[in-house]
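Reviewing the structure listed below.
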Amino acid sequence: MNKRNIGASYEGVAREFLTDKGYEILCMNYRCKYGEIDIIARDNDGYVVFVEVKYRSGAKYGMPYEAVTKSKQKTIFMCSEKYLQDNKLSAYGKYRFDVISIKGNEIQHIKNAFGGL
């Protein structure tokens, strides 16, 4: 299995995790000229949640969430602005940036993992 297929598989795991928590999935793999956001969802409190999914089989190369660098955060933020604009959602509305960190079979959901830049 190549990296893209592995990533898609764990994005599916994250999607299922979120839907089990009552999130409504708005978009998977949103792409724009700035990059990609793995999952865009709406939570039970009405927040639009931009989710980055990271997977590692073990901790040899660090925790999965550590791979969400400042550069990646900037990409996600720019994509989120484009998504909000394209879908006529207010940039002043309720939204946040989460990370789903998967290590082996362990899932960690980090809410408000980083702020807007």
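Just one of the listed residues (Ser71, Ser80) is under 13 Å from the mean Cα position of the chain (by Cα) and small (Gly, Ala, Ser), namely Ser80. Which condition breaks for Gly35 when tested against (1) open to solvent by 40 Å² or more (accessible area, probe 1.4 Å); (2) modelled with pLDDT of 95 or more; (3) more than 10 Å from the chain's Cα centre (by Cα)? Going through the list (1) open to solvent by 40 Å² or more (accessible area, probe 1.4 Å); (2) modelled with pLDDT of 95 or more; (3) more than 10 Å from the chain's Cα centre (by Cα), Gly35 breaks only (1). When the range 81-117 is filtered for residues that are open to solvent by less than 50 Å² (accessible area, probe 1.4 Å) and in a helix (DSSP H, G or I), the ones remaining, listed by number, are Tyr83, Leu84.
Before we move on, is Lys60 exposed (fewer than 12 other Cβ atoms within 10 Å of the Cβ) and free of Cβ contacts under 8 Å to residues at least 24 places away in the same chain? Yes; evaluated as a whole, the condition is true for this residue.
Is there a residue in the range 19-28 that is among the basic types (Lys, Arg) and open to solvent by less than 60 Å² (accessible area, probe 1.4 Å)? Checking the range 19-28: not a single residue is among the basic types (Lys, Arg) and open to solvent by less than 60 Å² (accessible area, probe 1.4 Å). Inclusion of Met78 among residues that are open to solvent by 20 Å² or more (accessible area, probe 1.4 Å) and closer than 20 Å to Ala8 by Cα is not warranted.
The values are calculated or read from the model by the stated rules, or taken from the named source; none is laboratory data. As the structure is a prediction and not an experimental result, all values here were calculated from the model. Ideal geometry is used to build each Cβ from the backbone, glycine not excepted, and the neighbour counts take in all protein chains shown. SASA here: full protein model, heavy atoms, side chains in, ligands and nucleic acids out. Shrake-Rupley method; radii C 1.70, N 1.55, O 1.52, S 1.80 Å.
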